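For reference, the structure I am asking about is given below.
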Amino acid sequence: MENERGQGVSHAVNDSKVPSKVQEAAPVGLEKKLPENVHPTGDVNQSTKVSHALTKENGKTASVVPHKLQEVLPEKVERVVPNALHDTGDEGGLHRSHN
């Protein structure tokens, strides 16, 4: 059972490198501060070390943002950049078609 600090359950959304007993004992805030590649919680505010831009047929990302920068930006930041500059495939808000 989860307490008010998020302890008692794991908040990982995929396989974690953190032992399950440690995951259950850790507060949710601590779990979310761990790198996604160690303990994936699905936190979109954290860098995932990958680009979320679509991949073109030539294998390059559909973005004018330098690739190294794409890898360190949190997903949330990547998704607010207009698709004309960094195409994540999102269709709402700034991403809607202006035809």
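Being modelled with pLDDT of 80 or more, out of contact with any Cys (no Cβ under 9 Å at 6 or more places or on another chain), assigned to a loop (DSSP other than H, G, I, E, B) and within 25 Å of residue 88 (Cβ to Cβ) is the requirement here; does residue 37 meet it?
no
The conditions are (1) crowded, with 16+ Cβ neighbours inside 10 Å; (2) at pLDDT below 80, and residue 9 fails exactly one of them. Which is it?
Of the numbered conditions (1) crowded, with 16+ Cβ neighbours inside 10 Å; (2) at pLDDT below 80, the odd one out for residue 9 is (1).
Taking segment 43-82 as the search range and keeping residues that are at pLDDT 85 or above and in contact with a His (Cβ under 8 Å, 6 or more places away or on another chain), which one is farthest from residue 13 (Cα to Cα)?
64
Residue 32 - would you say it is modelled with pLDDT of 75 or more and loosely packed, with under 12 Cβ neighbours inside 10 Å?
no
Check off (1) more than 15 Å from the chain's Cα centre (by Cα); (2) in a helix (DSSP H, G or I) for residue 58 and give me the number that stays unchecked.
All conditions are met except number (2).
The values are calculated or read from the model by the stated rules, or taken from the named source; none is laboratory data. Being a predicted model, the structure only gives us computed values, none of them experimental. For neighbour counting, all protein chains shown are included, and Cβ atoms are generated from backbone atoms with ideal geometry for every residue, glycine included.
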